Structure formats: C-alpha cells, structure tokens
Amino acid sequence: MSHKVATLDFEKFHNTIAGKPRDSPKVHNGVNPSDKTKLWDVPIATEHDLDDAVKSAQEAFKTWSKTTWKERQDILLQIREELLSHRDEMAQLILKECGKPIQFAQGEIDATAGILQYNSTAPPPGEQTIQDDNDLKVSLRYVPLGVVGAICPWNFPLILSTQKIVPGLLTGNTIIVKPSPFTPYSALKFAEIAQKYLPPGVLQALNGDDRLGPMMTEHPGIEKISFTGSIATGKRVMMSAAKTMKRVTLELGGNSACIVCPDVDVQKVAPLVALGAFFNSGQFCVASKRLYVHTDIYKEFQEAILNVVKSWKVGPAGEPGMMLGPVQNEMQYNIVKGFFEDCAVNGYQFALGGEIGDAGGFSVQPAIIDNPPHSSRIVAEEPFGPIVPMMPWTTEEELLTRVNDTRTGLGGAVYCADQERAVNIAKQIEGGTIWINSFERPLPNAFFSGHKESGIGGESGEQGLLAYMNAQAIHLYKGDVGKTKL
Ligand code: NAD
C-alpha cells in the first residue's frame, strides 16, 4: 500500500484523481447558510477529469478487487482513526458548510466513524453451496462490480457519501464520489484524508456543476450508480443508467408518518416526536413529516410538543446553545417558504409559528400546522424543512388508509406503550424502515431502503454490501471428462 502523507489544510479544497489533488480552471463556492457568506473555492470537474478518474478507477480495480476482505477492513479502521484525529476541524467544516450546530456536526462525524466501524468488522457475504451430490456441485459467490459512481445530496454530506464509499470499498470496488455542489467540502476532505491509506484510483472525489451527475450516469466505464437525492432526480438517474444497464441503488425522498397512540405518556413521547420531526431543521429523509396523534390525547400532546419546540434556540449554527440551524441553501429556503405561504393562503391554523423569521442566514422558525386537510400540500408533499402538520386519528383502519395514501414509502414511526399493538401497526405501514418508540435513527447494521417511489434497493447491513456485488453461480458437473487413461 502506498502512503502519501499530505498536510491537511481545511481552507483548501481539491478534487482527488488518481491519488493526487486536481484543480480546475473553473471554481465555484458554497455559501454558509448561517450568514450567507461565500465559502472556499472548489474546483468544477470537467469531462476530461471524469474520464481520467474512470480510467484510474478501472486500473486500480484490477488489484484492489484482489485484496482480501481483511486487508480492506484493516484499511477502513485506519481511515476511521485518521478521521477521528481530525474531528474538531471536520466538525467546524460541517458547521459552516451545512449550518449544523456543533453537537450535530460532531454527531455527523461520529456516525461516519460508526459506519467505518461496522464495515471493518462485518463478515463477508459468504460463498453458498446450493446443491452438492454425486453428480453436481452448485455454488454461489459474490464478486465486486467494478467502478462505482456515488452521487450525494446536501443534507448529510459526510454520512451519506461514506454510507456509499465504505461498503463499496469493502466489497472490492473502486469509487468515484460526487458530493452535492451545495456541500462539496466535507466529502472532498474525507477523500483526501483517505488517500493516505488507499492506492491511487481506489477512492476519487469530484465536485462538479449540474453536468457532472448526468456525465457519470452516462459513462460507459462506470458499472453502478448509488444515488441519494430527490425522487425527481432519481427517476432521471434510472433512465440514464438504463442505457448502459448500470446497476442502481436509489435512496430518495419520503413523507414519513409518525403515529402516536392514546396509551403513551405524553411528557415522555412529545420530546421524541419533536426531535423526529425537526432534527436538522427537518432536512432529514426519514424525518417524521406527518404527525398523527390519537384524538383522546391530541390537545394535551400538542401543548407538550409546543413546549418542547418553543424551548429550542433557532438561528445561526455557530451561536452557543443552538438546536435548529438554518436551512442549508437558498433553493431549499424558498421551497420551505412556499409551504408557509401555502398554509397561510389556505387559512390553515399554525399551532406553532407562522412567520419564517429573520434569525439570520437561511434560518426558519419551526412551525406546526393544526389539522390541515389530507389533500393539502403540507400533508401530501415533502417540505424538507421545519414545518410539519399534526392531525388527529380515531381508528387504526382510517388512520392507516391516510398514512399509506402516498406514492412514497421511506420510513415511519409508532409510539405506543402496548408493544404488540405497536408492531402490528408498524407492519401495516408501507415503508422501508419503521421505528417504534424512538425517533428516526438509521443504523449501519440495518438495511435502509425505500418502498414505492422512495427508492430502489438500499444501503447498510449485509444487503447493503450485496448491493455492491454481482452474484455468480458456478455449476460443477462431476462426471469424468478427462482423457481415458491407457
Ligand atoms: P437532488 O436530487 O437535487 O440532488 C442529489 C444529487 O444529484 C446532487 O449531487 C446533484 O448534483 C445530483 N444531480 C442533480 N441532477 C442530476 C442528474 N440529472 N443526474 C445525476 N445526478 C444529478 O437532491 P437534494 O436536493 O440534494 O437532496 C434532497 C432530497 O434527497 C430530499 O428529497 C430527501 O428526502 C432526499 N434524501 C433521501 C435520502 C435517503 O436515504 N432516502 C437521504 C437524504 C436525502
């Protein structure tokens, strides 16, 4: 393994191609959502850069795919240690690029370390014997795909890129990662950090403009696209990938329901539901985006959740004691603003908030809409911001009809003291992951996937590893085909 110790500068950002930093004649800048100031220059990769990266990844694949599972796991552990040794600088970086208060920026690094930890101990998907008798042995094994393109969103730039990079590398693939142009910095820096432990071309990172994603999905040298982002873009990715029959994993948007049953202690559960709905200012794919609270406790619960959210500090991420930072970018800010306006124009009741506020940057004061109609935008669509509708329910039957009346199927949450009833409700939610008596927290060992238009395939856990592998069945007929011995 080659070791290229480079000094890390958290004020300078490059693409990484063939183990080396690569700049570009064109640059752009992220914007700090807490105060709208311009962040550092970041190169915009060209088509030529992508071609170079694909060539280097194909070359690196020849040897990387032959390394053992254990060798790759040892490298992942080293990368984990290296990342944690830069925890403070990386947390400051995430605070600035995403607008995350420091405790959540640190949480993003710790969750990434958790992904590396899980993958550095996970067993390989083993060879299976399907049939073995006097005539025939049929075995099934798993082989890496080749060059993988990872296309990422802006809400958790480090977690959501490493959620692709780490299992992709462990399974013997080489990876080219493209962060969102809104948040390129932490993913580019992670790739730079990892270079010290990886041969050139195994992990490369390219920031680009709007053309880079489509160039990757079209590129004949890339075998798979793992994409996390919106449903609309996911559909474009799938159409484009079809031309070269690339494998795709699509982790897309959701509109998850959170169900609160009448037997819960309202004071215990309201803080959990508040976190599920507003964590990261609602910019979380599996956030609780529709709250359904049983009619018997509706008023009491509403009061309790209002008290929780009102106690939070909302505003620029760097200020002490902050709980909700700003929305990450202007485009998303305007989308969220559109939901506030739609609720106001239609006369829906704001149980909490109503004004987007002027706390600084793209900050948005959290809002809860009291019982808007089922067909309203705030119930039917994903705002991806700190505004959430709350509706009462009476019977499970009518509740589940409303909960499942959506083309999305990402997550869901159920709060119920009676765990048997909770599981029974959970099983009837059409979604990839359901949390019971907890706010939504994906784990690296549990498969995470979207049903319906929320995705194809998934990530994490053993199935997540298999998503980076082709199956190969070997049929060995045992009849003697040798030359007859004289
Ligand atoms: P987006 O779809 O706008 O962008 C995602 C990425 O795709 C970016 O890197 C972007 O540059 C790239 N891209 C844009 N057009 C492309 C194209 N035609 N071909 C290839 N790549 C292209 O999504 P976003 O706004 O960055 O993220 C927010 C969305 O992501 C929300 O809907 C959220 O629910 C979803 N999300 C889902 C998950 C999940 O795991 N299911 C996790 C986080 C976010």
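The values are calculated or read from the model by the stated rules, or taken from the named source; none is laboratory data. Since the structure is predicted, the reported quantities are computational estimates derived from the model, not experimental observations. Please note: Cβ atoms are built from the backbone with ideal geometry, for glycine as well, and neighbour counts cover all protein chains shown. When the accessible area is computed, the model is the full protein with side chains, heavy atoms only, and any ligands, DNA or RNA have been set aside. Shrake-Rupley method; radii C 1.70, N 1.55, O 1.52, S 1.80 Å.
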* To do: For the chain, just give the cysteines left without a disulfide-compatible partner, judged by no other Cys Cβ under 4.7 Å.
  => CYS98, CYS152, CYS258, CYS285, CYS343
* At a 1.4 Å probe radius, carbon and sulfur cover how many percent of the accessible area of segment 257-436? -> 49
* What's the carbon and sulfur percent of segment 72-227's accessible surface, probe 1.4 angstrom, rounded to a whole number? -> 51
* Asked: If LYS137, LYS38 are ordered by their accessible area, calculated over protein heavy atoms with a 1.4 Å probe, which sequence runs from highest to lowest?
  -> LYS38, LYS137
* Asked: Counting Lys and Arg as +1 and Asp and Glu as -1, each charge on the Cβ, what is the dipole of the chain about the Cα centre in debye, to the nearest 20?
  -> 1460
* Counted charge near VAL414, where neighbours are those whose Cβ lies closer than 14 Å (Asp, Glu -1; Lys, Arg +1) -> -3
* **Förster radius 60 Å - calculated FRET efficiency between LYS485 and LEU84 (Cβ-Cβ, nearest 0.05)** => 0.45
* To do: Per DSSP H run of n ≥ 4, the term is -39500 (n - 2.57); total these for the chain, divide by its residue number, and report the mean residue ellipticity at 222 nm rounded to 500 deg cm²/dmol.
  => -11500 deg cm²/dmol
* To do: Order the following by accessible area, largest value first: SER454, SER375. Probe radius 1.4 Å; ligands, DNA and RNA are ignored.
  => SER375, SER454
* Residue-by-residue Karplus 3J(HN,Hα) for segment 131-141, coefficients 6.51, -1.76, 1.60, Hz, glycine and proline x -> 8, 8, 9, 4, 9, 8, 10, 10, 10, 10, 9
* Asked: Farthest toward the dipole's positive end in the chain, which of PRO124, LEU83, ASN255, given Cβ charges of +1 (Lys, Arg) and -1 (Asp, Glu) about the Cα centre?
  -> PRO124
* Asked: For segment 257-436, what is the charge dipole size about the Cα centre, in debye to the nearest 20, if Lys and Arg each add +1 at the Cβ and Asp and Glu each add -1 at the Cβ?
  -> 300
* Hey, how many Å between the Cα centroid of segment 446-477 and the Cα centroid of segment 134-190? -> 13
* Which value, in Å² rounded to 10, gives the accessible area of MET90 with a 1.4 Å probe and all protein chains present? -> 0
* To do: Quick one: which residues, 5+ away or cross-chain, put their amide H under 5 Å from the amide H of TRP40? H built at 1.01 Å from N.
  => GLY30
* **About the Cα centre, charge dipole magnitude for segment 261-367 (Lys/Arg +1, Asp/Glu -1 at Cβ), debye** => 160
* Which value, in Å² rounded to 10, gives the accessible area of ILE429 with a 1.4 Å probe and all protein chains present? -> 20
* Taking only protein heavy atoms and a 1.4 Å probe, what accessible area per residue, in Å², does the chain have with all protein chains in place? -> 42
* **Out-of-range pairs (alpha-carbon distance over 26 Å; input LYS243/LYS289; LYS164/LYS196; LYS137/LYS246; LYS189/LYS313; LYS70/LYS427)** => LYS243/LYS289; LYS137/LYS246; LYS189/LYS313; LYS70/LYS427
